[in-house]
Amino acid sequence: MPKLDLNRVSMPKQEPLVRARNFDEVALGYNEEQALAEATRCIQCPKRSCIDGCPVEVDIPDFILAVRDGNMPEAVRILKSKNSLPGICGRVCPQESQCEATCTIAKKGAPIAIGRLERYVADWELRQGQMQKPELAKPTGKKVAVVGSGPAGLTAAADLAKLGHEVTIFEALHTAGGVLMYGIPEFRLPKHVVQTEVDFVRSLGVDVRLDSVVGKTATVDEIMEDGYDAVFLGTGAGLPMFLNIPGENLNGIYSANEFLTRTNLMKAYLFPEYDTPVKVGRRVAVVGGGNVAMDSARCALRLGAEEVYIVYRRSEVELPARREEVENAQEEGIIFKLLTNPKRFIGNDQGWVVGAECYEMELGEPDDSGRRRPIVKEGSEFVIDVDIVVIALGTTPNPLVPTTTKGLEVTRRGTVVADEETGKTVKDAVWAGGDVVTGAATVISAMGAGKRAAASIDEYLRGL
Amino acid sequence: MYKIMLREDLVPSIHLFKVEAPAVARKAQAGQFVVLRVDEKGERIPLTVADWDREEGSITIVFMEVGATTRKLAQLKAGDYIANFAGPLGLPTHIDNFGTVVCVGGGFAVAPIVPIARSMKEAGNRVLSIMGARNKDLLFWEDRLRAVSDELIVTTDDGSYGRKALVTEPLKELLEGERKIDRVIAIGPTVMMKFCAKTTEPFGIKTIVSLNPIMVDGTGMCGCCRVEVGGQTKFTCVDGPDFDGHQVDWDLLFTRQRIYLDEEKKALERWEQMSHA
């Protein structure tokens, strides 16, 4: 047995200064040799503790073993028996705080690059041009409506279809995928990967109805009257938060949702070939420090901005974005203005933003979130000259479904109350999961919620 | 894909499409809108519903050719398909028996005022309507609006048909007249709605306008359509499109409608080059 290699095989990436000017994928993925080398690092420990870190309980050591043995169809089968969206998860899951954090090798060195291997397996299948189709259970004759086609909805729909139920997804936008399409940029998650995995879900017999704005086109109650036996709400957290400070409605100030939707879903980076435009200007300030802020800043750079700032009220250690995304942004030349918080926006006589007047901040005692509370330094105001501002402070659930559905319990934060284990809401035959229950979180936690809800819905339907 | 069941050219630059969209038709009410996308590379644009037929499963839209997207839309014929058509979005116009209601429609917005006037009439109101256009060649649906109104005044800016006036003149006269006016609904170009609201303000008569900012998703997700009403930021797509005209920050609306002027010009030039080629 060779000595344990404590370093993982690195994944090739586009050079920072090159990639900062194109929308192609940043991380290029392992080739066969790299994947084999990384798979061979896995010691196949009996504890299999990586699985405990996976919200959808992928049999991680088994698929890695199949990769090591060069049995790729088997690797695909193992992976997809638990995870219908591996190409997506391999790219956007925060593995460092999940499966890789619980990897046995992590105690001694770099954990197995599980996410990279997952992506390798998914991309291998994609290159084959043909998707394996899992065996479907005998039709049960039961119908389930899934509201929203983001990670929670797609996962719930796929699992329910595999279990033999007839599933319809209702999607408000013109393309399926939810935040995977409108939010996460092409260079982090290519849209053809998302659409291939959506097509996989369709291939299980799931009917995806686009342009269906539940709460408007039909309410949840009306859908139930149409003969559905159960409903899963995976409507996400689509409502943007603003700072509520003077000047925020000036021209040139976007919510991150709008900036990213224009850029990603509507492909404004290809304007005028695509009809939807987006404004970028020379200097862009993105307010916020999460993954969405990093995505917005990196999009702005690729759209042609010369200087892009992240304006964040705490310090670097508190940045909520994934470490890897912060590093990517830094490498590409994003300028971090930390301990800085806007007081107001300044406009010109045409109504366009030209400046962000900011306070310097300092950190006090930890607040409810456990992070040190940012405090304004009085008299520290200064102005950052900007052409465009993107507000990336986070999102809350869109009230369209909660407010039009009788009998749901909704919290003050606008989230739907659902059982943590099963996703069951207080309303008969209605489940919910993902960001609509937790508030903005990760793709994989939404998928985990979709999976648990699907199991609970299945149990319910079999008892009918 | 949504089939165009019928096309009518109301005037050379204003067109009517009846679109097969049963799910939208089932729920549509006066004052609501749809968001459509002409084709796979298209932008999402909002259009107020002009009519619906629940049995036939159709929605009628009326649009004027102004930019690249509406010109592209105007190329479609009956039997062609629109890529996406979502709705009905926004809140319906508040319909009640107010007493006497004045309905004002300007330009191609005569189309959405008709179902509102009809609903107001059905709710028991006396409906006094005013419709206006720049000239005679841009007028349409006089018969339809007359059929759902107790009285109708037609104006043109140049006097080529009806009364030579802006719609605000007869509106002011109605407010000054003997009859008590309980509510005014004004839909049309932003500048028209602003001046209707300014006209009614001194009389203290509630005036509802239907705002038309730029939108993307139309479901409250992006905030592109934010306006200020009574000092508060509102999303037109979910909080409106109807608002109290006396509370609207009109200058902000005008400014935000101009965000993409350069891009709109570029897209139009590109469209013209392509349609010539």
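Using C-alpha pairs below 8 Å separated by at least 6 residues, the relative contact order for the range A:87-230 is 24 percent. Of B:Met192, A:Met294, the order by accessible heavy-atom surface (1.4 Å probe, DNA, RNA and ligands excluded), from most exposed downward, is B:Met192, A:Met294.
Largest to smallest in accessible area, the residues A:Leu17, B:Leu174, B:Leu91, A:Leu163 fall in the order A:Leu17, B:Leu91, A:Leu163, B:Leu174 (1.4 Å probe, all protein chains included). When DSSP beta bridges are restricted to pairs lying wholly in the protein assembly as shown, around 50% turn out antiparallel.
Taking every C-alpha pair closer than 8 Å and separated by at least 6 residues, the mean separation divided by the residue count of chain A gives a relative contact order of 16 percent.
About the Cα centre, and with charges only on the beta carbon of Lys, Arg (+1) and Asp, Glu (-1), how big is the dipole of chain B? Nearest 20 debye, please.
So the dipole magnitude of chain B works out to roughly 160 debye.
Once you've got the GNM for chain B with C-alpha springs shorter than 10 Å, pick whichever of B:Gly87, B:Gly159, B:Gly231 has the biggest mean-square fluctuation. Top of the fluctuation ranking is B:Gly231. For the range A:424-438, the Karplus equation 6.51 cos²θ - 1.76 cosθ + 1.60, evaluated at θ = phi - 60°, returns couplings of 5, 8, 6, 8, 3, 6, 10, 10, 8, x, x, 4, 5, 9, 8 Hz by residue, with Gly and Pro reported as x.
Taking the Cα centre of the protein assembly as shown as origin and assigning +1 to Lys and Arg Cβ atoms and -1 to Asp and Glu Cβ atoms, the resulting dipole is close to 420 debye.
Take the Cα atoms of the range B:12-53, build their convex hull, and give its volume per residue in Å³.
On the way: hull volume 4.2 nm³, N = 42.
Convex hull volume per residue, Cα atoms: 99 Å³.
Projecting the Cα atoms of B:Trp271, B:Thr207, B:Ala23 onto the charge dipole of chain B, computed from C-beta unit charges around the Cα centre, puts B:Ala23 farthest toward the positive end. For the range A:90-138, the set of trypsin sites (Lys or Arg not before Pro) satisfying both a DSSP loop assignment and a count of at most 10 other C-beta atoms within 10 Å is given as A:Lys108. Between the listed residues A:Val76, A:Ala39, A:Ser49, the Cα displaced farthest toward the positive end of the dipole of the range A:23-83, a dipole computed from Cβ unit charges relative to the Cα centre, is found at A:Ser49.
In the assembled protein chains, A:Arg202 presents an accessible area of approximately 90 Å² (probe radius 1.4 Å). For B:Thr100, the amide hydrogen comes within under 5 Å of the amide hydrogens of B:Arg126, B:Asp182, B:Arg183, counting only partners 5 or more places away or on other chains and with H modelled in the peptide plane.
Here chain A is treated as an ellipsoid with the same Cα gyration tensor; its semi-axes, largest first and in whole Å, are 36, 29, 21. Exposure check, 1.4 Å probe, all protein chains in place: B:Phe108 carries approximately 80 Å² of accessible surface.
In order along the range A:187-197, the Karplus-derived 3J(HN,Hα) couplings, from 6.51 cos²θ - 1.76 cosθ + 1.60 at θ = phi - 60°, round to 6, 9, 8, x, 5, 5, 5, 4, 5, 5, 6 Hz, and Gly and Pro are given as x. Reducing the range B:1-71 and the range A:385-421 to their Cα centroids gives an inter-centroid distance of 30 Å. Largest accessible area first, the listed residues B:Asp96, A:Asp275, B:Asp217, B:Asp143 line up as B:Asp143, B:Asp96, A:Asp275, B:Asp217 when surface is computed with a 1.4 Å probe on the assembled protein chains. In plain terms, if you count all Cα to Cα distances in the range A:280-413 and split them into 5 Å steps from zero, the share in each step is 2, 10, 17, 18, 17, 14, 10, 7, 4, 1, 0 percent. A simple charge model with +1 on the Cβ of Lys and Arg, -1 on the Cβ of Asp and Glu and nothing else charged puts the dipole of the range A:325-464 at about 680 debye relative to its Cα centre. Accessible area per residue was computed with a 1.4 Å probe on protein heavy atoms; A:Val179 scores about 50 Å². Could you point to the residue in A:Val213, A:Pro272, A:Gly333 farthest towards the positive end of the range A:201-348's charge dipole, with +1 and -1 charges on the Cβ of Lys/Arg and Asp/Glu respectively? So the residue we want is A:Gly333. For B:Leu152, nonlocal amide neighbours, meaning residues 5 or more places apart or on other chains whose placed amide H falls under 5 Å from its own, are B:Ser129. For chain B, the share of DSSP beta bridges that are antiparallel, to the nearest 5, is 60%.
Counting Cβ atoms of other protein chains within 10 Å of each Cβ in B:39-48 and taking the mean gives 4. Along the range B:64-72 the Karplus relation, 6.51 cos²θ - 1.76 cosθ + 1.60 evaluated at θ = phi - 60°, assigns HN-Hα couplings of 10, 6, 10, x, 4, 5, 5, 6, 4 Hz to successive residues, with x for each Gly and Pro. FRET efficiency for the B:Leu91 to B:Lys164 pair, using the beta carbon distance and R₀ = 35 Å, is estimated at 0.45.
The values are calculated or read from the model by the stated rules, or taken from the named source; none is laboratory data. None of the values given here were measured: they were computed from a predicted structure. Neighbour counts are summed over all protein chains in view; Cβ atoms, including those assigned to glycine, are modelled from backbone coordinates with ideal geometry. Please note that ligands, DNA and RNA were not included when accessible areas were found on the heavy atoms of the full protein model with its side chains. Shrake-Rupley method; radii C 1.70, N 1.55, O 1.52, S 1.80 Å.
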